[in-house]
Each structure stands twice: as C-alpha cells, then as structure tokens.
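Scroll down for the structure; my scribbles are underneath it.
The values are calculated or read from the model by the stated rules, or taken from the named source; none is laboratory data. This one's a predicted model, so the numbers in the text were calculated from it and none came from an experiment. Using ideal geometry, Cβ is built from the backbone for each residue, glycine included, and neighbour counts are taken over all protein chains shown. Surface areas here come from the heavy atoms of the whole protein model, side chains and all, with no ligands, DNA or RNA. Shrake-Rupley method; radii C 1.70, N 1.55, O 1.52, S 1.80 Å.
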Amino acid sequence: MSALHTAPDLQSFKSAVRDQWDKSAEGWNDHTPIIRAWLGSATQAMMDKANIRLHSRVLDVAAGAGDQTLDIAKRVGPLGFVMATDLSPVILELAKTNATRAGYMNVDTLVADGENMALESASFDAAVCRLGLMFFPEPLCGLREMHRVVRPGGRICAVVFSRPEANPCLTLMMSTALKHAGMSPRDPAQPGGLLSLGKPGLLAELLGSAGFTDITSTVADAPFHLPSARHYMDFVRSSASPIQQILGKLAATAADAAWADIEERLSAFTTPTGWVGPNELLITSGLRQ
C-alpha cells in the first residue's frame, strides 16, 4: 500500500468515486455518441495493442457504460467473450443493457474493484482499461490484478491522459475549480487524479513492476470536437470527474459561478468551425510471459 493512502483513506476514496459514478451514470451514457467520436481511434489502437482478435476472451476493466465493450464484443465475435467490470453498479447495469440492446450475447458484467477482482487467474486472453486506470488510488495493484487474470502469452493495454501540458483543458478546469473552492493547487501526479499517470515513462514502469514484458507506449492526439465550450461543459458535468467532485461541495450559487468561469476560459479553444479542445492520450501495453 502506498504511503499516501491508509486503508480507511482508500475505502473512503473508493466509496466517493462509486457514489459519484452512480449519480453520473445516466448522463455519461447519454453522451455515448460524443465519447465514441472522441475516443474511437484510441479504442481501435487499444484493441490492436492488446492483440484482441476473433474468439478472444477479454477483460474490460473500469468499463463504464460499455461503449468500448461493444467494440470489443464485435471484434471477438459470438464465440469470443467480454467481461466488463466497474466499481459502479449503476453504470455497469447500463453497460449490460447497452450490450443486450445491441444484440451482443457474448458480454457479461461484474461489479468489481479493479484493484481486487474476484476473477479466476489466467482466465483471459487480454485485458484493457480505457481512461480508468488513472483514477485508481493504487494503479500498480490494478495492473497486478490484470497480470494475474491474463493467461501467459496474453497482453494488456491501458489508455490514460498524458502530460499536463498536453491536456490544457483538464489543467485549466482543475486550476479554476480549485481556485473557486479556495483550495491549493494539486500535484498532477497525485494518485487518483485525471493526469496521475501522464508523466513520461511512469505507466511503462508500473507495467514492468507488475510483471509485464515487451512494454510499448505510444502517444495519440485526441482532440475534442464540439459545437461550443458549453457543449463540453455539459459533457464534463455528466461525468464523475475530480472537477465535479470539487465543485459539488460548494453552495449552488458559488458552483454556478465556478462553472461559468470555467466555460469562459475554455472558450479560448473556439475555432471558426467550432470548439476544439486539445487532449493527448498515452496508450501503453505489455505482455504476460
């Protein structure tokens, strides 16, 4: 266990994250078309780097509402299998509903803590985690769990936000939210934060510590294209991001003022053809020997 966290701290943190995602589940799911447009290329790269193919058994960690789960289910085919896990039972129920509506009978769900999953060892050909691992208070524990459940010869791939300077929308929102909340600036590398795994080399190092070899890491631009900054604000407010958690503690009028300030600052990314928010992702994979 990290020196930054005690057992009670961990449980409190995870309970807060679970509660926030339970509350945000419906709104996040409603934004699925926007999320697919934003992360479509990264999702395909993630599946490629995890060597997901026809008939594979795949673990999708921190699956959320299951947007990427459906892409995986399509790739592995009816004789393949996808297990989608998440800490939030509410959002995972939406993932299950989405898979059923799409006609994918090869998807199952399990409410599980990604750092301690009740799954059989060496039972999957691959494991993935798209924009979830950086929220883990102990990401090394999550990677060790993925190492445990993936068969020898199987691969994993995790997608996280990269360097703070390459993700100015996130840093701007966080700094503005903290200012309005009267809180000191945070170290971006603080465990459990949006940019906690963005330091170059950090995620690859953690994969090595978890026992993976043949580790590769690539950077991918993932700009957010929307009609306006207001549309981006609607999306952010539908998620359980740290910004939402910070401003959720303020009185309604103070929170409204903070959101208005954030929107005004984000308007700097408005272009003649709409709003384009810069984002950079890190796509890192490893092999279990």
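Out of everything in region 104-119 that is outside any strand (DSSP E or B) and open to solvent by 50 Å² or more (accessible area, probe 1.4 Å), what residue ends up being farthest from Ala42 (Cα to Cα)? It would help to see each step written out before you state the result.
From region 104-119, those outside any strand (DSSP E or B) are 104-106, 112, 114-115, 117-119; that's our starting set.
Imposing the further condition that a residue be open to solvent by 50 Å² or more (accessible area, probe 1.4 Å) reduces the set to 104-105, 118.
Values: Tyr104: 22, Met105: 25, Ala118: 28 Å.
The qualifying residue farthest from Ala42 (Cα to Cα) is Ala118.
Considering only residues of region 170-191 that are hydrophobic (A, V, I, L, M, F, W, C) and loosely packed, with under 14 Cβ neighbours inside 10 Å, which is modelled with the lowest pLDDT?
Pass one, region 170-191, residues hydrophobic (A, V, I, L, M, F, W, C): 170, 172-174, 177-178, 181, 183, 189.
Going one step further and asking which of them are loosely packed, with under 14 Cβ neighbours inside 10 Å, we end up with 183, 189.
Working: Met183: 95, Ala189: 90.
Residue satisfying both the conditions and the ranking: Ala189.
Consider Gln289 carefully, then state whether it is modelled with pLDDT under 95, under 30 Å from Leu140 (Cβ atoms) and either touching a strand residue (DSSP E or B) at 6+ places or on another chain (Cβ under 9 Å) or surrounded by fewer than 19 Cβ atoms within 10 Å (Cβ to Cβ) (or both).
Working: modelled with pLDDT under 95: no; under 30 Å from Leu140 (Cβ atoms): yes; either touching a strand residue (DSSP E or B) at 6+ places or on another chain (Cβ under 9 Å) or surrounded by fewer than 19 Cβ atoms within 10 Å (Cβ to Cβ) (or both): yes.
Considered against the rule, which asks whether it is modelled with pLDDT under 95, under 30 Å from Leu140 (Cβ atoms) and either touching a strand residue (DSSP E or B) at 6+ places or on another chain (Cβ under 9 Å) or surrounded by fewer than 19 Cβ atoms within 10 Å (Cβ to Cβ) (or both), Gln289 comes out as no.
Results for (1) among the hydrophobic types (A, V, I, L, M, F, W, C); (2) under 22 Å from Gly286 (Cβ atoms); (3) open to solvent by 30 Å² or more (accessible area, probe 1.4 Å); (4) not in a helix (DSSP H, G or I), shown as yes or no for each residue.
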| site | (1), (2), (3), (4) |
| --- | --- |
| Asp22 | no, no, yes, no |
| Gly27 | no, no, no, no |
| Leu39 | yes, yes, no, no |
| Ala42 | yes, yes, no, no |
| Met47 | yes, yes, no, no |
| Gly64 | no, no, no, yes |
| Val82 | yes, yes, no, yes |
| Val90 | yes, no, yes, no |
| Lys96 | no, no, yes, no |
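What number of residues within region 230-286 are open to solvent by less than 70 Å² (accessible area, probe 1.4 Å), of a type outside the set (Gly, Ala, Ser) and over 16 Å from Thr176 (Cβ atoms)?
Residues in region 230-286 being open to solvent by less than 70 Å² (accessible area, probe 1.4 Å), of a type outside the set (Gly, Ala, Ser) and over 16 Å from Thr176 (Cβ atoms): 11 in total.
Here are Leu206, Leu194: which of them is within 19 Å of the chain's Cα centre (by Cα), farther than 14 Å from Glu165 by Cα, in contact (Cβ under 8 Å) with a residue 12 or more places away in the chain and open to solvent by less than 60 Å² (accessible area, probe 1.4 Å)? Please lay out each step first, then the result.
On the way: Leu194 fails: farther than 14 Å from Glu165 by Cα.
After applying the criteria, what remains is Leu206.
Hey, could you check region 144-169 for residues that are in contact with a Phe, Trp or Tyr (Cβ under 8 Å, 6 or more places away or on another chain) and within 20 Å of Ile72 (Cα to Cα) and say which is surrounded by the fewest Cβ atoms within 10 Å (Cβ to Cβ)?
Arg151
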